[in-house]
Amino acid sequence: MNPKIASTSAYYLAFIILGMVIAAEGPAIPWLAEHTASPIEQISLIFVFGSFGYLIGSYIGGLAYDRVAGHRFMSIILLTLALSAALVPIASSLPILLTVLFVFGLTKGALDVGGNTLLMWIHGDGVGPYMNGLHASFGVGSFTSGLIAARVISLTGDINWIFWTFALLCLPLAAWIWFIPNPAPRAAPAEHHNAPLPVIPVLVMGLCFVVYVGAETGYGSWLYTYATRLGLENEITAAYLTSAFWGFFTLGRLLGIPISTRIRPRLILIADLMGCFLSLGILLLWRDSATALWIGSILLGVCMASIFPTMLTLAEERMHVTGAITGWFLVGSGLGGMILPWGIGQLFERVGPYSMAMMVLASLAANLVFVFWFSSLKKSPSLAG
């Protein structure tokens with residue numbers, strides 16, 4: 001098989017697994033709380049520890065991919081992901097669970113930055129459709145995860161085999177990636193040689209990732225608990241609702257592949273965010289309606305879908321993106337995935353489940369502001385693509 005095709009296929013499979021493990025955390029919340037005898041406010045610490053690990057894994061991974069054989073490193077990361085996934089459902093106390101999820105987060109961050117960075121190195125300026133395909137693979141995994149969760153819960157009444165299935169899937173992929181030839185780092189254009197890190201653009205784009213990933217993770221992780229706590233769905237139908245959110249999220253990313261070849265990233269982001277505001281408006285205006293919850297969640301999944309890969313494409317359009325810069329973007333992702341889901345957990349009992357939708361709405365509004373800010377930055381040699 002052509003090394004470029006083999007590498008791209010391997011990254012897509014890795015992101016299917018990444019989507020599976022991330023989406024599984026939401027439906028697993030009540031069972032993890034039960035396994036560790038923890039109330040909702042305390043179990044929300046799983047997002048803090050997991051995302052802190054993701055943050056560190058993104059930063060270290062970004063540096064590592066610039067310096068070591070990318071596929072060998074990714075293979076080791078997948079093996080570590082398998083081990084930590086296998087340990088999640090059998091952690092018997094909250095401190096043990098938080099430690100395991102910290103390692104789990106490390107591997108997810110390193111895998112995320114690796115897939116994005118190596119794909120950009122392989123495809124260069126034509127990465128847009130492939131980037132949307134990569135993140136569509138994440139959506140496929142997230143959608144499949146919900147179906148697996150619903151089936152496992154209905155058969156066993158627990159979540160153990162959800163995580164053990166993911167662990168088993170990592171093993172053959174790790175072996176395959178080990179033997180694929182490693183891609184060479186993308187050569188920087190002459191004007192980028194010895195150029196300083198474009199701090200302000202990297203910071204602003206990093207803030208885009210903070211607020212967007214916070215919104216995506218917050219909604220996807222708490223949707224199951226939101227639906228069951230309000231009595232709009234039972235345990236099985238709430239799992240299917242979560243699966244529907246990620247399923248239409250996947251559809252949105254597939255639609256984003258042809259769209260990304262015809263429309264500039266900035267316009268795609270503005271349209272996506274407008275659709276997100278409409279979706280959350282439906283959910284909040286008819287807050288006691290299960291039908292509105294399904295419609296709002298499905299539409300939100302479609303509109304959120306292409307935001308993450310389009311922000312990466314927008315960044316690649318305006319600067320030379322190295323592994324380290326991608327790592328900084330995903331550090332922002334880790335911060336967002338840590339802060340907002342934890343904050344939702346703190347307000348869920350004190351203010352009520354509706355606080356989840358309000359916090360997601362506020363985060364996406366901030367995302368729109370940061371996108372306009374990044375787009376307004378004056379181009380310079382360090383920004384030129």
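What to note about this one:
- Within region 332-349, the set of residues being hydrophobic (A, V, I, L, M, F, W, C) and surrounded by 24 or more Cβ atoms within 10 Å (Cβ to Cβ) comprises M338, L340, I344.
- Residue check for I162: of a type in the set (V, I, T), buried (at least 19 other Cβ atoms within 10 Å of the Cβ) and either free of Cβ contacts under 8 Å to residues at least 12 places away in the same chain or part of a helix (DSSP H, G or I) (or both): yes
- I270 farther than 30 Å from G62 by Cβ and assigned to a helix (DSSP H, G or I): no
- Against the test of being without any contact (Cβ under 8 Å) to a residue 60 or more places away in the chain and of a type in the set (S, T, N, Q), the options S38, S58, S51 yield a single qualifying residue, S38.
- Sole residue being modelled with pLDDT of 90 or more, of a type in the set (V, I, T) and crowded, with 17+ Cβ neighbours inside 10 Å, chosen from V113, V88: V88
- Residues within region 23-41 that are modelled with pLDDT of 80 or more and more than 12 Å from T242 (Cα to Cα), tallied: 11
- Residue match in region 230-249 (condition: touching a residue at least 24 places away in the same chain (Cβ under 8 Å), within 24 Å of W328 (Cβ to Cβ) and buried (at least 19 other Cβ atoms within 10 Å of the Cβ)): no
- Note on region 219-256: residues that are within 18 Å of the chain's Cα centre (by Cα) and among the β-branched types (V, I, T) amount to 2.
- Residue match in region 175-191 (condition: modelled with pLDDT under 90, among the charged types (D, E, K, R) and under 29 Å from L79 (Cα atoms)): yes
- Among (1) of a type outside the set (A, V, I, L, M, F, W, C); (2) more than 17 Å from the chain's Cα centre (by Cα); (3) within 18 Å of A136 (Cα to Cα); (4) crowded, with 24+ Cβ neighbours inside 10 Å, the one test that Y212 misses: (2)
- Taken across region 352-370, residues that are under 21 Å from the mean Cα position of the chain (by Cα), at pLDDT below 80, surrounded by fewer than 22 Cβ atoms within 10 Å (Cβ to Cβ) and small (G, A, S) do not occur at all.
- Each residue in region 213-239 was checked for being at pLDDT below 90, of a type outside the set (S, T, N, Q) and either touching an Asp or Glu at 6+ places or on another chain (Cβ under 8 Å) or not in a helix (DSSP H, G or I) (or both), and 4 of them qualify.
- Meets criteria (free of Cβ contacts under 8 Å to residues at least 60 places away in the same chain and part of a helix (DSSP H, G or I)) for L83: no
- The residues listed here are L18, L79, L101, L119; of these, the one that is under 19 Å from W178 (Cα atoms), within 16 Å of the chain's Cα centre (by Cα) and aliphatic (A, V, I, L, M) is L18.
- Top-ranked residue of region 29-49 - restricted to ones that are closer than 17 Å to M338 by Cα and β-branched (V, I, T), ranked as surrounded by the fewest Cβ atoms within 10 Å (Cβ to Cβ): I40
- Selection status of M319, under 25 Å from L45 (Cβ atoms), of a type outside the set (V, I, T) and in contact with a helix residue (DSSP H, G or I) (Cβ under 9 Å, 6 or more places away or on another chain): no
- Here L55 fulfils each of the conditions (1) under 14 Å from the mean Cα position of the chain (by Cα); (2) under 23 Å from T250 (Cβ atoms); (3) at pLDDT below 85 apart from (2).
- Considering region 253-263, the residues that are in contact (Cβ under 8 Å) with a residue 24 or more places away in the chain and surrounded by fewer than 15 Cβ atoms within 10 Å (Cβ to Cβ) include one that is nearest to F370 (Cα to Cα), namely T261.
- Only listed residue being touching a helix residue (DSSP H, G or I) at 6+ places or on another chain (Cβ under 6 Å), within 22 Å of T242 (Cα to Cα) and surrounded by fewer than 24 Cβ atoms within 10 Å (Cβ to Cβ), chosen from L98, L147, L94: L147
- Qualifying positions in region 1-35 - without any contact (Cβ under 8 Å) to a residue 40 or more places away in the chain and among the β-branched types (V, I, T): I5
- First in region 139-156 and of a type in the set (A, V, I, L, M), second anywhere and at pLDDT below 80, Cβ under 6 Å, 6 or more apart: A149/P27
- Of all positions in region 307-317, at least one carries a residue that is assigned to a helix (DSSP H, G or I), in contact with a Gly (Cβ under 6 Å, 6 or more places away or on another chain) and surrounded by fewer than 20 Cβ atoms within 10 Å (Cβ to Cβ).
The values are calculated or read from the model by the stated rules, or taken from the named source; none is laboratory data. Everything numeric here is computed off the predicted structure, so don't read it as measured data. As a convention, Cβ positions derive from the backbone with ideal geometry for all residues, glycine included, and neighbour counts pool all protein chains shown.
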